[in-house]
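**Student:** Below are the structure tokens for one structure; questions will follow.
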Amino acid sequence: MPTPSQLLNILLLPAFVLVLGAWTAVTLYLLVSGIASGKQALELARGRRLLDEITSRDGDPHDGLVAVIATLPEQVLLMLGGGDDAAAPYARTLAEVVVIRLGREPLEALATTPGTPRQNWRRIAAMRLLARARHPGLVALLTPAIDDQDPEIVGASLALLGRVSDEAAAAALIRALKDGKYTASRVATYLDQSSLPLAGGLRPLLHHPDPQVRYWGATLLARHGAEGTDHDLVALTRDPSPLVRRAAIASLADVGGTQVAEASLRLLSDETWYVRAHAARALASTGAAEHAERIAPLLADREWWVRLAAKESLQRLGEDVWTVLVPYLDHDDAFARNGAAEVLQNIGILDSLIVLEAATTRPSAAKLEMLRKIASAGGTRMTSALLERVDEGTRPRVRSLLQSLGLEPAGVES
């Protein structure tokens, strides 16, 4: 009967042999893989060098590309012709040559056959090669990939479809947006870049149960609108989702129409701050100065972005808004006072008023009081900026006038 130490040796020997065998196998695999990867890297570097030499010459690079492509293995050709960094000046010619060398049918099979995530790059490279070579059945080939389970494949197919000016490609993108196949903002970007009339396909998105889809439908209609689009957008300004209301009023301002003012006026009091901000900008887009009276209260809004939108909107309406803004120089809210003064400055009322009063020997008391209120509400930076804007000949009189009002500017030389 073996002793305990002999028994231990008998049990450890097979384990040692097993570990040694596994270690040897892993080492050999890594060695072979490393050699193969190194060889492939050298071939890729050589291919890029040769391509750079060919395309840097004058004339058609086609024949030179054919000669180089004939010497490179399939993996390298996929990397060179189907990579996302393929040089634009000769990407199409290179793709055409590579497709001829590898064969269109094998590339179609590679582009449409699901594989492991590790092999995604090969499938995507095949898609890009066929797209760059203007494969006649490209849209039909790429569209099924939208339903793939791998987001990387879905994203690659959508990106390529977004570069195709084709109604079927646009329809596939709209379906991807509607069905939530990929990041909505990315799909919307592809649709926004399209030059095709897409209003007919986008309108159903306005009635989708998902507010994100309705939002993008309304946003895209600003660019791809058609007759009757304004009616669709007006209806969406009453949507339960504030995100959709915001997109609807912003797009309505871009599309125009007789209902912009009515919808904007209603949304100036919306409970969501970014809806109020866009409503102010939409109302200003009408160019009607009489709306300044409804926008001005937003100078005292609790949200900074709304106050900014109110100021910019009032400035957009021009000089005629000054009579509406003067009472706001006495507003209880400091932000409203400062905003009104800033608008009066930016539309030129402050400059013209102070230069005019500085030039007369008997300034109007009412106008001097208005100047004092504007400058006081705007602060010392406003008076300093005012002095910097007037010419040197007028500056001493303007400075004297400001001093008489108790508004001594600093930092500006006479």
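Matching residues to (1) among the aliphatic types (A, V, I, L, M); (2) in contact with a helix residue (DSSP H, G or I) (Cβ under 9 Å, 6 or more places away or on another chain); (3) buried (at least 20 other Cβ atoms within 10 Å of the Cβ):
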residue	(1), (2), (3)
ALA125	yes, yes, yes
ARG134	no, yes, no
LEU142	yes, yes, yes
LEU160	yes, yes, yes
ALA172	yes, yes, yes
THR183	no, yes, no
LEU196	yes, yes, no
LEU202	yes, yes, yes
GLY225	no, yes, yes
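**Student:** Shifting gears a bit: Would you say ALA168 is under 19 Å from GLY83 (Cβ atoms) and at pLDDT below 95?
**Tutor:** Considered against the rule, which asks whether it is under 19 Å from GLY83 (Cβ atoms) and at pLDDT below 95, ALA168 comes out as no.
**Student:** Identify the residue in the stretch 247-266 that is closer than 16 Å to ALA310 by Cβ and surrounded by 23 or more Cβ atoms within 10 Å (Cβ to Cβ) and, among all such residues, is farthest from the chain's Cα centre (by Cα).
**Tutor:** SER264
**Student:** From ALA284, ALA288, grab the single residue that is exposed (fewer than 15 other Cβ atoms within 10 Å of the Cβ) and within 19 Å of LEU317 (Cβ to Cβ).
**Tutor:** Step by step, each of ALA284, ALA288 is checked, and only ALA288 is exposed (fewer than 15 other Cβ atoms within 10 Å of the Cβ) and within 19 Å of LEU317 (Cβ to Cβ).
**Student:** Okay, next question. If only one of ASP320, ASP330, ASP239, ASP232 is surrounded by 17 or more Cβ atoms within 10 Å (Cβ to Cβ) and at pLDDT below 95, which one is it?
**Tutor:** Step by step, each of ASP320, ASP330, ASP239, ASP232 is checked, and only ASP232 is surrounded by 17 or more Cβ atoms within 10 Å (Cβ to Cβ) and at pLDDT below 95.
**Student:** While we're here: Quick check on ARG101: is it modelled with pLDDT of 90 or more and either within 18 Å of VAL76 (Cβ to Cβ) or assigned to a helix (DSSP H, G or I) (or both)?
**Tutor:** Judged against the criteria, ARG101 is not a match.
**Student:** Let me ask you something else. Just the residues that are among the basic types (Lys, Arg) and under 14 Å from LEU267 (Cα atoms), please, taken from the stretch 197-254.
**Tutor:** ARG238, ARG245, ARG246 - these are the residues of the stretch 197-254 that are among the basic types (Lys, Arg) and under 14 Å from LEU267 (Cα atoms).
**Student:** Further question: Do the conditions hold for ALA145, that is, is it closer than 16 Å to ALA131 by Cα and without any contact (Cβ under 8 Å) to a residue 60 or more places away in the chain? First the steps, then the outcome.
**Tutor:** Values: closer than 16 Å to ALA131 by Cα: yes; without any contact (Cβ under 8 Å) to a residue 60 or more places away in the chain: yes.
Against the criterion (closer than 16 Å to ALA131 by Cα and without any contact (Cβ under 8 Å) to a residue 60 or more places away in the chain), ALA145 qualifies.
**Student:** From ASP232, ASP179, ASP192, grab the single residue that is closer than 19 Å to ALA263 by Cα and among the acidic types (Asp, Glu).
**Tutor:** Result: ASP232 is the single residue among ASP232, ASP179, ASP192 that is closer than 19 Å to ALA263 by Cα and among the acidic types (Asp, Glu).
**Student:** Something else about it: Could you tell me whether LEU298 is buried (at least 21 other Cβ atoms within 10 Å of the Cβ), over 27 Å from the mean Cα position of the chain (by Cα) and at pLDDT 95 or above?
**Tutor:** Here the answer is yes, as LEU298 does meet what is asked.
**Student:** Only one of (1) within 30 Å of TYR328 (Cα to Cα); (2) buried (at least 24 other Cβ atoms within 10 Å of the Cβ) fails for TYR215. Which number is that?
**Tutor:** Going through (1) within 30 Å of TYR328 (Cα to Cα); (2) buried (at least 24 other Cβ atoms within 10 Å of the Cβ) one by one, TYR215 breaks only (1).
The values are calculated or read from the model by the stated rules, or taken from the named source; none is laboratory data. On a predicted model such as this, the values are computed, not experimentally measured, just so you know. Please note: Cβ atoms are built from the backbone with ideal geometry, for glycine as well, and neighbour counts cover all protein chains shown.
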